[in-house]
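*Asks:* Pasting in a structure now, in structure tokens, and then I'll have a few things to ask.
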Amino acid sequence: MGKFIRLDKLLADSGRWSRKEAKELIRQGRVLVNDITSRESDRKIDPEQDRVTADGSPVNWEEYIYLMLNKPAGVLTATEDKRDRTVLDLVPKEYYRPGLAPVGRLDKDTVGLLLLTNNGPLAHHLLSPRHHVDKTYLAQVDGIGREEDISAFRAGIELADGTKCLPAELEILGPGLCQVTVREGKFHQVKRMLASRGLPVRQLKRLTMGPLRLDEGLKEGDIRPLTGEEIALLLESGK
């Protein structure tokens, strides 16, 4: 036996209607459960067993949704803000679910991979410092990295304010370009670590988070659901 949920919640969680719109749809007799009209918003539905249609179209329901966003610069990693656009403002209506939120944060001017989900336990796991989930960034910097910078990252950098960073990986890709992998998410960490080595960051792009890698075919500002394989890798990493 599956998980039972209210009929109006099932419709709203599909992302196609608000809860208020779902109730009205049901009241008007436009929703069928197993080919029979249902006018009870609080009717309990088993999404694994019951077939729900609205205006003749199947209503599919999944408890969790996982989205990949190629975050553009100038957008806040937040669920709401009175002045600036947030990453949730970029989510198409059909992908929105109650509880949807970004996993971690990228600075306003940082671009690249951002995971959004309503799976709270998985988000907590990915963000927990004790799990040390790797995150890789491509950084454009002023200056050229040296071997001693690589060694300093591997040893663990202590910042000017006394913040101690876990050992990290620095790869020099060429003049003004490097790749950094960290296992924690302190405030402005990558920028501060590089700056401490005389390599101030001009632009930062996140490429990976745990087993998830940015889809380079995804333009900045675009968003898509994760593939089944990507979801499986994420869930496996969360065990």
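Every number here is computed from the coordinates shown, using simple stated rules; none is lab data. For clarity, every value in this text was computed on a predicted model and none was experimentally measured. Counting neighbours? That spans all protein chains shown, and the Cβs are built from the backbone with ideal geometry, glycine included.
*Asks:* Which three extents, in whole angstrom, do the alpha-carbon atoms of the range 6-121 cover along their principal axes, largest first?
*Replies:* 52, 27, 21
*Asks:* Related question: What area, in nm² and to one decimal, does the C-alpha convex hull of the range 134-209 cast on average over all directions?
*Replies:* 4.2
*Asks:* So how strong a dipole does the range 5-58 carry about its Cα centre when Lys and Arg Cβ are +1 and Asp and Glu Cβ are -1, to the nearest 20 debye?
*Replies:* The calculation lands at about 220 debye.
*Asks:* What are the ³J(HN,Hα) couplings of the range 118-132, residue after residue, when phi is run through the Karplus curve with 6.51, -1.76, 1.60 and θ = phi - 60°? Round to Hz, x for glycine and proline.
*Replies:* 9, 8, x, x, 5, 4, 4, 4, 5, 9, 5, x, 6, 8, 6
*Asks:* Related question: Give me K71, K191 sorted ascending by neighbouring Cβ count inside 10 Å, so fewest comes first.
*Replies:* Going from least to most buried by this count: K191, K71.
*Asks:* A further question on this structure: What is the sum of charges, Lys and Arg at +1 and Asp and Glu at -1, for the other residues whose Cβ falls under 11 Å from the Cβ of T110?
*Replies:* +4
*Asks:* May I ask you to list the residues of the range 171-207 whose amide nitrogen lies under 11 Å from a point 7 Å from Cα along the Cα→beta-carbon direction of A155?
*Replies:* Nothing falls inside the zone, counting backbone N under 11 Å.
*Asks:* In what sequence, highest mean first, do 143-155, 82-94, 193-205 appear when ranked by Cβ atoms within 10 angstrom?
*Replies:* Highest mean packing first, the order is 193-205, 143-155, 82-94.
*Asks:* P47: net charge of surrounding residues, Cβ under 14 Å, Lys/Arg +1, Asp/Glu -1, itself excluded?
*Replies:* For residues surrounding P47, the net value is 0.
*Asks:* Moving to a separate point now. Once phi is turned into ³J(HN,Hα) by the Karplus curve 6.51 cos²θ - 1.76 cosθ + 1.60 with θ = phi - 60°, what whole-Hz value does each residue of the range 192-203 show in order, with x for glycine and proline?
*Replies:* Karplus-based 3J(HN,Hα) across the range 192-203 equals 5, 5, 5, 4, 5, 9, x, 10, x, 7, 9, 8 Hz.
*Asks:* A follow-up question, please. What does the convex hull of the Cα atoms come to per residue for the chain, in Å³?
*Replies:* 145
*Asks:* Hey, can you grab everything whose amide H is under 5 Å from the amide H of I45? Only 5+ residues off in sequence or another chain; H modelled, so Pro and N-termini drop out.
*Replies:* I5, R6, L7
*Asks:* If you don't mind, there's one more thing I want to ask. If you take every DSSP beta bridge whose two residues both sit in the chain, what share of them, in percent to the nearest 5, is antiparallel?
*Replies:* Taking every DSSP beta bridge with both residues in the chain, the antiparallel ones total about 95 percent.
*Asks:* Moving to a separate point now. Determine, from the Cβ-Cβ distance of D84 and L233 and an R0 of 30 Å, the FRET efficiency 1/(1 + (r/R0)^6), rounded to the nearest 0.05.
*Replies:* 0.40
*Asks:* May I pose another question? What is the dipole size for the chain, taken about its Cα centre, with +1 at each Lys and Arg Cβ and -1 at each Asp and Glu Cβ, in debye to the nearest 20?
*Replies:* With only Lys, Arg, Asp and Glu charged at Cβ, the dipole is about 600 debye.
*Asks:* A further question on this structure: When the chain is fully extended, how far beyond the present Cα-Cα distance does D134 get from L177, taking 0.36 nm per residue of separation?
*Replies:* Result: 13.5 nm gained on full extension.
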